[in-house]
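Data block below; observations after.
The values are calculated or read from the model by the stated rules, or taken from the named source; none is laboratory data. Given the structure is predicted, the values throughout are model-derived calculations rather than measurements. Please note: Cβ atoms are built from the backbone with ideal geometry, for glycine as well, and neighbour counts cover all protein chains shown. For accessibility, only protein heavy atoms count, side chains too; no ligands or nucleic acids. Shrake-Rupley method; radii C 1.70, N 1.55, O 1.52, S 1.80 Å.
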Amino acid sequence: MIVISAEHVQQHLPMAQAIDLVTATMIDVAEGRAILPLRNVIEIGGDNRIGIMPGALSAGGLYGVKILSLFPGNPAKGLSSHIGAVLLFDPETGVPTALVNADMITAIRTSAASAAATRALARADATRLSVIGTSEQAEFHIEAITQVRPIAEVHIAGRSHAKADAFAARMAERFPALTFHAAPSIQEAAAQADILCTVTSATESILPADWVQPGTHVNAVGASVPFWQEIDSALIARAVTFVDYMPSALAQAKDVIDGLANGLFDQTHLRGEIGKLFAGQVTGRSSDGEITLYRSLGVAAQDLACADHVHKAARAAGAQDHQL
């Protein structure tokens, strides 16, 4: 079994390649070529949890599991809030073949999935990106979204204006071709957005529906467990909405669950899984004035496809096995 670090994940999985890989994987998911049990989340004290995400992709017999610690206080310690590993197995023998850093897999594949949805749903002339959150996912989303739209300016909103300002200054150094602004509020950031990404650890809605301007594309990313919520259910009702995996959305996305329970929309309002849009089976944006929304929970298929790609690339580069 080989052990693959975060640095090697970045080396072998550049963002442009990850976007295309996730696009193809979500088509496989939408067309039934994956086995994806719902993620199991266990409370382990305070706000901390551990998540277990098994799955299998029929192409090549790929299967494995991601085990991830969810520690929302970690960013204050300079650590990722999502820390763990993806374990891959040999489909012929069941022997573990690779242990891949899941922090970086999660960061890349999550932002790549948002970029793939943005490529399919955002207006072609979208140049203004607003990001709500100042974590590593905010940074990776800036990298990813700029791959698929001609972004010129980025507006950042965080828990405080000071955090947003510090993050915007750091991003201006990394992305010198872009103009960064620290927004005074989430509402102001939303008002400036052609594309809006929510990548926070919020447990209650921080984005009312009426803050989102007509024509905006929204990637709602941060609320990955059933008791966290970033966006109003009314925003889902207002938008042309796609999800990554329908069974997960109906069981584990609080904004979807509450909207259905409260009669804000019915299941037919959800346009479908994003893979169906990628495959051309359903329509997406039909006018420049529509709000479009991609509700991302994250599915193991994305992790497995990205980890498998990195595993193969690492072996081709000469990575050596380690004994368990």
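Taking amide H as placed 1.01 Å from N in the peptide plane, Q229 has its amide H under 5 Å from the amide H of T203, E204, each at least 5 places away in sequence or on another chain.
Each of the peptides 145-152, 278-285 was scored by the mean count of other Cβ atoms within 10 Å over its residues; in descending order, highest first, they stand as 145-152, 278-285.
Overall form of region 60-127: oblate. Here a/c, set by the Cα gyration tensor axes a ≥ b ≥ c, is 1.5 or more, and a/b is not larger than b/c.
Note: relative contact order over the chain, using C-alpha pairs below 8 Å and six or more positions apart, is 21 percent.
Amide H contacts under 5 Å for S130: H155, D194, I195, L196, C197, restricted to partners 5 or more places along the chain or on a different chain, H placed in the peptide plane at 1.01 Å from N. At a probe radius of 1.4 angstrom, the accessible area of region 76-126 per residue rounds to 36 square angstrom. Against the main long axis of the alpha-carbon atoms of the chain, helix 300-316 sits at an angle near 50°. By DSSP, the beta bridges lying fully in the chain are antiparallel in about 45 percent of cases. Peptides 22-32, 2-12 ranked from most to least packed give 22-32, 2-12, packing being the mean of other C-beta atoms within 10 angstrom over each peptide's residues.
Taking a point 7 Å out from the Cα of A237 in the direction of its Cβ, the residues of region 194-220 whose backbone N falls within less than 12 Å of it are 209-210.
Leaving ligands, DNA and RNA out of it, report the carbon-plus-sulfur percent of the accessible area of region 71-170 at a 1.4 Å probe. Here carbon and sulfur together make up 54 percent of the probe-accessible area.
Dividing the summed helix terms, -39500 (n - 2.57) for each DSSP H run of n ≥ 4, by the number of residues in the chain produces a 222 nm estimate of -10500 deg cm²/dmol to the nearest 500. A straight chain from N40 to Q10 at 0.36 nm per residue would run longer than the Cα-Cα distance by 8.1 nm. Separation of region 114-177 and region 32-50, taken as the distance between their Cα centroids, equals 28 angstrom. Here r is the Cβ-Cβ distance between I50 and D210 and R0 is 35 Å; the resulting FRET efficiency, rounded to 0.05, is 0.45. With contacts taken as Cα pairs under 8 Å and at least 6 residues apart, region 185-258 reaches a relative contact order of 30 percent.
Relative contact order of region 225-324, taken over Cα pairs closer than 8 Å and 6 or more residues apart, is 32 percent. Checking [x] 22.2; [y] 16.0; [z] 18.6 against mean projected area of the Cα convex hull in nm² calculated from these atoms, the matching label is [y]. By the Stokes-Einstein formula, at 1.002 mPa s and 20 °C, region 134-268 with its Kirkwood radius over alpha-carbon pairs has D equal to 138 µm²/s. Rounded to the nearest 20 debye, the dipole size of region 241-308 about its Cα centre is 100 debye, using +1 on the Cβ of Lys and Arg and -1 on the Cβ of Asp and Glu. Classify region 61-209 as rounded, prolate or oblate, taking a ≥ b ≥ c as the square roots of the eigenvalues of its Cα gyration tensor: rounded when a/c is under 1.5, otherwise prolate if a/b is larger than b/c and oblate if not. Because a/c hits 1.5 or more and a/b exceeds b/c, region 61-209 counts as prolate. Accessible surface for region 148-280, divided over its residues, is 39 Å² per residue with a 1.4 Å probe. Loop-located GluC sites (Glu not before Pro) in region 78-169 (DSSP state not H, G, I, E or B) with no more than 15 neighbouring Cβ atoms inside 10 Å: E92.
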